[in-house]
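Reading through the structure tokens given below for one structure.
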Amino acid sequence: MRAGELKDRIIVQTPSYTIDEYGAEHISEYTDKYSVRAEVRYKEGNLVNDLGEITNTYSVTFITRIHYTPDEKDIISYKNKKYRILSIVPNREKQLNEIKTALINE
């Protein structure tokens, strides 16, 4: 891993849960877990027609150092957009995590 390629700052956020009157857990909000530098790679984009609403969807891969490993339940905030974590692929030889994400359309 080349440290000079970690140019962008991302924020990993973790969900906070509330329990309703029936005992079910619901995500009430996301709170900041930590901020870390990452390399950002835009993979692919697409237009999706979802029930008559056209939205832009695209995939982004974030490369971070291996000692910053988020959980799959966490989300990543980058440039005022939120990304759902799809997979985390560690690479022990290069000491990095490749975090594959998808844009959350709000």
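The values are calculated or read from the model by the stated rules, or taken from the named source; none is laboratory data. As the structure is a computational prediction, the values presented were derived from the model and not from experiment. Ideal geometry is used to build each Cβ from the backbone, glycine not excepted, and the neighbour counts take in all protein chains shown.
Each residue in the stretch 85-106 was checked for being under 16 Å from residue 14 (Cα atoms) and exposed (fewer than 14 other Cβ atoms within 10 Å of the Cβ), and 3 pass.
State yes or no: is residue 80 at pLDDT below 85 and exposed (fewer than 14 other Cβ atoms within 10 Å of the Cβ)? So residue 80 does not fit the description; no. Here residue 71 meets the list (1) over 16 Å from residue 42 (Cβ atoms); (2) surrounded by 18 or more Cβ atoms within 10 Å (Cβ to Cβ); (3) not aromatic (Phe, Trp, Tyr) almost entirely, failing just condition (2). A residue that is over 25 Å from residue 16 (Cα atoms), among the basic types (Lys, Arg) and in contact (Cβ under 8 Å) with a residue 12 or more places away in the chain can be found somewhere in the stretch 36-43. Within the stretch 44-59, the set of residues being touching a residue at least 12 places away in the same chain (Cβ under 8 Å) and loosely packed, with under 10 Cβ neighbours inside 10 Å comprises 44, 46. Against the numbered list (1) part of a loop (DSSP other than H, G, I, E, B); (2) modelled with pLDDT of 90 or more; (3) farther than 26 Å from residue 4 by Cβ, residue 86 comes up short only at (1). Tell me yes or no: at least one residue of the stretch 9-20 is small (Gly, Ala, Ser), surrounded by 10 or more Cβ atoms within 10 Å (Cβ to Cβ) and closer than 14 Å to residue 81 by Cα. The answer is no; no qualifying residue exists. Only one entry of 17, 34, 22 meets the criterion of being among the aromatic types (Phe, Trp, Tyr) and touching a Phe, Trp or Tyr at 6+ places or on another chain (Cβ under 8 Å), and that entry is 34. Kindly indicate the residue of the stretch 21-43 that is of a type in the set (Phe, Trp, Tyr) and surrounded by 11 or more Cβ atoms within 10 Å (Cβ to Cβ) and also farthest from residue 5 (Cα to Cα) among those meeting that condition. Applying the filter and picking the extreme gives 30.
Identify, please: which residue in the stretch 19-35 is of a type in the set (Gly, Ala, Ser) and free of Cβ contacts under 8 Å to residues at least 24 places away in the same chain and is, among those, farthest from residue 8 (Cα to Cα)? Ranking the candidates gives 23 first.
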